[in-house]
Amino acid sequence: MSYEIEGKLIVKSDTVQVSDKFKKREFVLEKSEDSNGETYTETIKFQSVQANCDKLDSVNVGDNIKISFNIKGRKWDKDGKVSYFNNLDAWKVEKVSGDTPTAEPEAGGDLPF
C-alpha cells in the first residue's frame with residue numbers, strides 16, 4: 001500500500017553505503033496542521049533506498065515537497081529478545097509550490113463578447 005504526504009524538507013542527509021549491495025539516504029519532513037486554533041507540528045523521518053536515493057538531489061532543505069512512500073516493518077529476534085522496526089520508504093519525491101498559477105487569456109484571442 002502506498003501513501004502520500006506534503007511538508008517542508010528540514011534535513012537531507014548524504015547517501016550512506018551500508019554494504020556492498022545496499023545504500024540508503026535519510027531525510028526529515030516537517031508537517032504542520034491546524035486544529036481548533038492550535039498548530040501541531042510533526043517531524044517525520046523517511047528513508048530512500050538503492051536507486052531512490054538520487055531522487056532527493058532535485059530538492060533542497062526548505063523546499064515544500066510531496067513524498068510518495070510505503071510503510072515497511074520487520075521483526076528482529078536476537079538472543080531471545082524480539083524487537084519490531086518500522087521504516088517509511090520514500091520512492092517518489094516532488095517539489096511543490098505554495099502558489100497555484102492562474103491562466104492568463106491570450107492577447108488577440110477570440111473573446112465571446
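The values are calculated or read from the model by the stated rules, or taken from the named source; none is laboratory data. Fair warning: this is a prediction, and the values are worked out from it, not measured in the lab. We place every Cβ from the backbone using ideal geometry, glycine too, and count neighbours over all the protein chains shown.
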Mind checking which residues of region 11-32 are among the basic types (Lys, Arg) and closer than 14 Å to Thr43 by Cβ?
Lys12, Lys31
Go through region 7-62 residue by residue and tally those that are under 25 Å from Ser97 (Cβ atoms) and among the aliphatic types (A, V, I, L, M).
9
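With free of Cβ contacts under 8 Å to residues at least 40 places away in the same chain and part of a strand (DSSP E or B) as the only criterion, which of Tyr3, Tyr84 stands out? Working first, answer last.
Working: Tyr3 fails: free of Cβ contacts under 8 Å to residues at least 40 places away in the same chain.
Testing whether each residue is free of Cβ contacts under 8 Å to residues at least 40 places away in the same chain and part of a strand (DSSP E or B) leaves just Tyr84.
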Across region 6-46, the tally of residues that are of a type outside the set (Phe, Trp, Tyr) and in contact (Cβ under 8 Å) with a residue 12 or more places away in the chain stands at 22
Complete set of residues in region 71-81 that are under 18 Å from Val28 (Cβ atoms) and without any contact (Cβ under 8 Å) to a residue 40 or more places away in the chain
Lys72
Scan of region 87-99 for residues that are modelled with pLDDT of 95 or more and loosely packed, with under 10 Cβ neighbours inside 10 Å, ordered by number:
none
